Amino acid sequence: MIEEEFDAIVVGAGMSGNAAAYTMASQGLTVLQLERGEYPGSKNVQGAIMYADMLEQIIPDFRDDAPLERHLVEQRFWVMDDTSHTGMQYRSDDFNEAKPNRYTIIRAQFDKWFSRKVRQAGATVLCETTVTELVRNASGKVIGVRTDRAGGPIYADVVVLAEGVNGLLGTRAGLRKMPKPESVALAVKEMHFLPDEVIEQRFGLQGDEGCVIEAAGTISRSMAGLAFLYTNKESISLGIGCLVSDFAQTMESPYVLLDNFKNHASIRPLIAGSEVKEYSAHLIPEGGYKAIPQLFGDGWVAVGDAAQLNNAIHREGSNLAMTSGRIAGEAIIEIKGRNQPMIRRNLALYKTMLDKSFVVKDLMKYKDMPALIHTNSRNFFMTYPQLMSQAAQNFMRVDGTPKIEKEKATTAAFIKARSRWGLISDVVRLALAWR
Ligand SMILES: Cc1cc2nc3c(=O)[nH]c(=O)nc-3n(C[C@H](O)[C@H](O)[C@H](O)COP(=O)(O)OP(=O)(O)OC[C@H]3O[C@@H](n4cnc5c(N)ncnc54)[C@H](O)[C@@H]3O)c2cc1C
C-alpha cells in the first residue's frame, strides 16, 4: 500500500471527486484519489444530462474526446394523469450550436474518461479501495484516511469528501448527520436499447440531436416525485424518483411506479421493442439549501452530493458537483500557495467562494420550494394533474355542450377539489417560493 504523504486525498471518483482531483493535480499538487468501485462510474447513477459549461471550466477542450451521447435540442415537460399528459415543449435549432450546452451521457463511460484525465493530470487513482475511516491528530484535525487495503493510514494535508449522497465516512466521523428521509429521493432507472435510427424517428431527431422528457403527476401516486426519459445514441434512459419519507409512508414500490410509467400510453410507444439491459437505483439529495451540512472543518471539505448540493427543482446535480469540486480544489490550491495550514479557518475560503457561485445562489433562491412541494404533494402530484387533464379534455372534446357551460364545469371542478381559498393559497405560496 502507498506510504507517501499527499497534499490532498479525494474520496470518491464521481463528478465532484474527479473535478476536485483534476483541478488540484493539474496545478501540481500531489493527489491521491480513492474509489470503492471496480472502476470510476461503476457505482454511479445519473439520468443523465451533463451541463457543458461547468465541465468546460475544468477541461475546456472536453468535446474532443469525451464520450458524449446526444446534444439536447428539445425538452418536454409533461403533467400526467393515468391516461393522458398535458405538455409543454421547447425545441430550438439554436441548440445545434458549435459548442452545445447540454448533452446526455452514460456515467459508466463518462466517469472512466474523466478519471483518465485525472490520471493524465498527475493524480494517483486507486479503485476497489474503500475509505473506512478518517484519521485525526490529537487536536482533532483530519490528517489522512484508512482504507480496506492492507497497510497503515495514508496521510494528507486535506481530505476532500466526494463520497456521494449517503457517504458513510463523513457521517461516521460526526462531520455531518445522515440525510433525513424527507430530504432524499430514491430513484430507479432503466436503460432501454434501440437502434439509433428508431430513436431519431420516434423523437424527430437528426444525427446527434437529443430530446428529454421530464414528467410529474399521478405517476408518483401523490408522492413528491418526478419521472424522466432521456435519449442517448442507441438507448433511452428512463426512471422515476420520489422522496424516501413518502415511500416509507405509502409503502409504494419504486419498481411498480417505474412499470406504470413505462406502460403509460404516452410512454409505451416511445420505448416499444426496446431491450432492457440495465437497472439501477440510487438516492438523490433533495432537501435544498436548508439541508446543506457543514462544508469544511479542520483538514476536510465536503463537495457534491456528499454536501447535499443538488438542485431538485431544476433537476441539476452533476453540474453542482463538478463546480463544488472545482472550487474546493481552487481554494485548496490558494491556501497551499499562501503556505497556510489546511485548518478550518483557512478552508472557510471554500465556502466563501462557493457562496458566490451559482451553486449556492440557485439553492438559496428556491430555499422554500422543497418544503412547499413535499408538504403539499397530494395537491401538486395528484389533484392538480388530474384537474389539468380534465380541463384540457373538456376544452378539446366537441360534444355540443355550450362553451360557457364547459368553462363553468372546469372552474367548478377546481373549486370542488381544492376550494377557492385553497387554490388561491397554493398559487400564492408557489409564487412566493418561486420568486
Ligand atoms: C436517477 C438519477 C438521475 C440523475 N439525473 C441527473 C441528471 O440528469 N443531471 C444531473 O446533473 N444530475 C443528475 N443526477 C444527480 C447526479 O447524479 C449527482 O448529483 C452526481 O452524481 C453527484 O456527483 P458526486 O461526485 O458528488 O457523487 P457520486 O457521483 O455519487 O460519486 C460518489 C463516488 O464516491 C464513491 N465512494 C463512496 N463512498 C466511498 C468510500 N468510502 N471510499 C471510496 N469511494 C467511495 C462512490 O463509489 C462514487 O463513485 C441524477 C441522480 C440520479 C440518482
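What the table below lists for this structure:
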{"read-out": "Unique match (being among the basic types (Lys, Arg) and open to solvent by 20 Å² or more (accessible area, probe 1.4 Å)) among ARG70, ARG146", "value": "ARG146"}
{"read-out": "Residues of the range 389-413 satisfying the condition of being open to solvent by 50 Å² or more (accessible area, probe 1.4 Å), under 25 Å from ASP82 (Cβ atoms) and of a type in the set (A, V, I, L, M, F, W, C)", "value": "PHE395, MET396, VAL398, ALA409, ALA412"}
{"read-out": "Single condition MET178 does not satisfy, out of (1) in contact (Cβ under 8 Å) with a residue 40 or more places away in the chain; (2) open to solvent by 20 Å² or more (accessible area, probe 1.4 Å)", "value": "(1)"}
{"read-out": "Residues (within 11 Å of the ligand (Cβ to nearest atom) and either open to solvent by 40 Å² or more (accessible area, probe 1.4 Å) or assigned to a helix (DSSP H, G or I) (or both)) located in the range 181-195", "value": "LEU186"}
{"read-out": "Wholly enclosed strands (runs of 3 or more DSSP E) of the range 231-313 bearing at least 3 residues among the charged types (D, E, K, R) and surrounded by fewer than 21 Cβ atoms within 10 Å (Cβ to Cβ)", "value": "275-285"}
{"read-out": "Members of the range 362-410 that are touching a residue at least 60 places away in the same chain (Cβ under 8 Å) and closer than 15 Å to LEU226 by Cα", "value": "MET369, PRO370, ILE373, HIS374, SER377, ARG378, PHE380, PHE381, MET382, TYR384, PRO385"}
{"read-out": "Residue within the range 318-334 that is within 13 Å of the ligand (Cβ to nearest atom), outside any helix (DSSP H, G or I), surrounded by 24 or more Cβ atoms within 10 Å (Cβ to Cβ) and not hydrophobic (A, V, I, L, M, F, W, C) present", "value": "no"}
{"read-out": "Of the criteria (1) within 15 Å of the ligand (Cβ to nearest atom); (2) under 30 Å from MET396 (Cβ atoms); (3) not aliphatic (A, V, I, L, M), which one ASP81 fails", "value": "(1)"}
{"read-out": "Filter result (within 30 Å of GLU252 (Cα to Cα) and more than 10 Å from the ligand (Cβ to nearest atom)) within the range 149-180", "value": "THR171, ARG176, LYS177, MET178, PRO179, LYS180"}
{"read-out": "Those residues of the range 73-106 which are surrounded by fewer than 21 Cβ atoms within 10 Å (Cβ to Cβ), in a strand (DSSP E or B) and touching a residue at least 12 places away in the same chain (Cβ under 8 Å), in sequence order", "value": "GLU74, GLN75, ARG76, PHE77, THR86, MET88, GLN89, TYR90, ARG91, ARG102"}
{"read-out": "Filter pass, VAL428 being aliphatic (A, V, I, L, M) and open to solvent by 30 Å² or more (accessible area, probe 1.4 Å)", "value": "yes"}
{"read-out": "The range 336-361, residues that are assigned to a helix (DSSP H, G or I), free of Cβ contacts under 8 Å to residues at least 60 places away in the same chain and open to solvent by less than 40 Å² (accessible area, probe 1.4 Å)", "value": "ASN346, ALA348, LEU349, TYR350, LEU354, VAL359"}
{"read-out": "Selected residue (criterion: surrounded by the most Cβ atoms within 10 Å (Cβ to Cβ)) from residues of the range 1-53 that are charged (D, E, K, R) and more than 7 Å from the ligand (Cβ to nearest atom)", "value": "ASP7"}
{"read-out": "Residues that are without any contact (Cβ under 8 Å) to a residue 60 or more places away in the chain and within 16 Å of the ligand (Cβ to nearest atom), drawn from the range 268-286", "value": "none"}
{"read-out": "Test for GLU133: is it assigned to a loop (DSSP other than H, G, I, E, B), assigned by TED's automatic domain parsing to the domain that holds GLY14 and surrounded by fewer than 16 Cβ atoms within 10 Å (Cβ to Cβ)", "value": "no"}
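The values are calculated or read from the model by the stated rules, or taken from the named source; none is laboratory data. Only a predicted model underlies this, so the values are computations on that prediction, with no experimental measurement involved. Here the Cβ is made from the backbone with ideal geometry for all residues, glycine too, and neighbour counts use every protein chain on show. All accessible areas refer to the heavy atoms of the entire protein, side chains included, with ligands and DNA or RNA removed. Shrake-Rupley method; radii C 1.70, N 1.55, O 1.52, S 1.80 Å.
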